[in-house]
């Protein structure tokens, strides 16, 4: 079974589970850094990413997601191709102008059921196994 | 395996390794900035994704540069 290994990224001495994956917006594949977040239902990207890539995220299905402070943020959901390691697959990806965190997030939907994900912080490694 | 998939995977792995090696440097030098990374170096720095992607599209580099918003340590506290 293929295992894709990523190193934690150090941010002023603290370790962040950030990985680089691919996302297909329109006809173009873009590399993007995402924070692996088991607390996020969906993969969520800042709308600025879509805008920069020329992808009209506003055509996506509108949902409202509850965030940490109890408020709801508008999210436009799309079915998009992602690539993690050598695995390409369709995933629900949301775009929001009000994400409220600095990072793009890799969430559970379409991702966590596909991979066995191990957070091995003591070894500074994240592994995605299919 | 599809050749494109394999090439893309190699490019993604290379970017990921570079980030692991240079994240602290990015955080020290460019906190909250948006950078474009290509061929093991920062090739453009901006305040927003829009201007960085605009530059990326204009330059048409291969492989596609990694556009990355550099975090601050405090940003880790915003993740639930």
**Message:** Using a Gaussian network model on chain A with a 10 Å cutoff between Cα atoms, which of A:93, A:34, A:11 fluctuates the most?
**Reply:** A:11
**Prompt:** In terms of the Cα gyration tensor, with a ≥ b ≥ c the square roots of its eigenvalues, is the range B:3-78 rounded because a/c is under 1.5, prolate because a/b exceeds b/c, or oblate?
**Reply:** oblate
**Prompt:** Taking a ≥ b ≥ c as the square roots of the eigenvalues of the Cα gyration tensor of the protein assembly as shown, is the shape rounded (a/c under 1.5), prolate (a/b larger than b/c) or oblate?
**Reply:** rounded
**Fill in**
Simple SL model, points at 7 angstrom along Cα→Cβ for residue B:60 and residue B:41; separation in nm is 2.2 nm
**Fill in**
From fewest to most C-beta neighbours within 10 Å, the residues A:125, A:45 line up as A:125, A:45
**Asked** What is the distance, in nm, between label points placed 7 Å from the Cα along the Cα-to-Cβ direction at residue A:71 and at residue B:77?
**Response** 1.9 nm
**Item:** Label-to-label distance, nm, for residues given as residue A:58 and residue A:130 (7 Å Cα→Cβ offset)
**Value:** 3.7 nm
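A short reminder: the numbers here are calculations on the coordinates, not readings from a lab. What you see is a predicted model, and the numbers here were worked out from it, not measured in a lab. Note: ideal-geometry Cβ built from the backbone for every residue, glycine included; neighbour counts use all protein chains shown.
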